[in-house]
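Comments concern the structure below.
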Amino acid sequence: MGLLSTHEAVVWWEYHHGKPTSDIFSEYEKPKHIPDYIFSILAKEIDSRISNPKEAEKEKEKISRMQFTSSAYVSRVLTRAKSKIEDSLKQHANSHRLDIENVNGEKGILTGFDYQANTNVYIVFTLGLGVIIWYEHTNYGGKLCDGTPYDPLAQTDGKQCPKLEECRETLDTILKEYNLTLNPKEEEMYMTQQSIRIFGKLGAKQLPRYQRETQEGE
């Protein structure tokens with residue numbers, strides 16, 4: 001899973017799909033299948049390092065179900081995940097020499113500014129694609145996503161942006177993992193505009209609260 005352990009990845013996913021830590025524990029108090037999205041990522045990792053199909057299937061079976069011991073444990077797992085993610089976001093920002101404006105490990109996003117490129121930069125953690133670094137831009141080589149000239153008076157070859165599929169996968173991954181939605185108007189936007197809306201939604205996202213497990217007698 002790269003940066004996060006399997007437990008951290010599952011808790012992170014469930015937390016960002018609206019479940020406080022007490023609810024996550026309740027669901028996994030008894031062994032339960034992990035989310036399909038998480039399993040598919042782990043299965044690919046297993047296939048990449050284990051060539052024997054039978055051994056690979058055994059490993060997949062081991063990680064297909066999960067059980068947590070308490071709500072307090074789930075909270076600790078989430079805290080560890082947040083800390084790892086925040087540290088990673090800062091490291092990437094420093095390596096790109098960005099001026100950090102805001103970092104939120106709980107939401108998995110860092111916003112900064114690149115003075116050399118004179119643009120805003122968004123760094124987002126994802127389970128599927130790792131850490132994403134997105135430079136805010138209005139066009140790519142003078143073209144919009146579908147090849148339309150950014151400048152109405154300019155001419156282009158008419159071909160769509162070569163980064164179109166990569167950008168679409170990136171934004172769709174963020175939408176899916178952080179359980180964000182676009183309204184019909186936003187869905188019709190070019191990704192250069194849509195991306196700003198998505199990062200704004202992530203930064204403003206309301207998160208479920210931590211809920212401490214109530215001990216008997218309290």
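The values are calculated or read from the model by the stated rules, or taken from the named source; none is laboratory data. Being a predicted model, the structure only gives us computed values, none of them experimental. All Cβ positions, even for glycine, are placed from backbone atoms using ideal geometry, and neighbour counts span all protein chains on display.
Values computed for the structure shown
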| item | result |
| --- | --- |
| Qualifying residues in the stretch 91-113 (those that are touching a residue at least 60 places away in the same chain (Cβ under 8 Å) and in contact with a Gly (Cβ under 8 Å, 6 or more places away or on another chain)) - the one nearest to GLU8 (Cα to Cα) | LYS107 |
| Extreme residue, farthest from LEU89 (Cα to Cα), among residues of the stretch 11-38 that are of a type in the set (A, V, I, L, M) and out of contact with any strand residue (DSSP E or B) (no Cβ under 6 Å at 6 or more places or on another chain) | ILE24 |
| Identity of the residue in the stretch 26-59, within 19 Å of VAL74 (Cβ to Cβ) and among the β-branched types (Val, Ile, Thr), that ends up surrounded by the most Cβ atoms within 10 Å (Cβ to Cβ) | ILE38 |
| Any pair with Cβ under 9 angstrom, 6 or more apart, that starts in the stretch 164-177 at a residue that is in the same structural domain as LEU127 (by TED's automatic domain parsing) and ends at one that is acidic (Asp, Glu) | LEU164/ASP146 |
| Some residue of the stretch 33-40 being within 24 Å of LYS107 (Cβ to Cβ) and polar (S, T, N, Q) | yes |
| Qualifying residue in the stretch 100-118 (condition: assigned by TED's automatic domain parsing to the domain that holds TYR135, over 19 Å from GLU177 (Cα atoms) and of a type in the set (Phe, Trp, Tyr)) | yes |
| Filtered residue count, the stretch 74-84, keeping only those that are surrounded by 17 or more Cβ atoms within 10 Å (Cβ to Cβ) and closer than 17 Å to ILE24 by Cβ | 6 |
| Looking only at the stretch 149-181, and only at residues there that are among the hydrophobic types (A, V, I, L, M, F, W, C) and within 16 Å of the chain's Cα centre (by Cα), the one that is surrounded by the most Cβ atoms within 10 Å (Cβ to Cβ) | ILE174 |
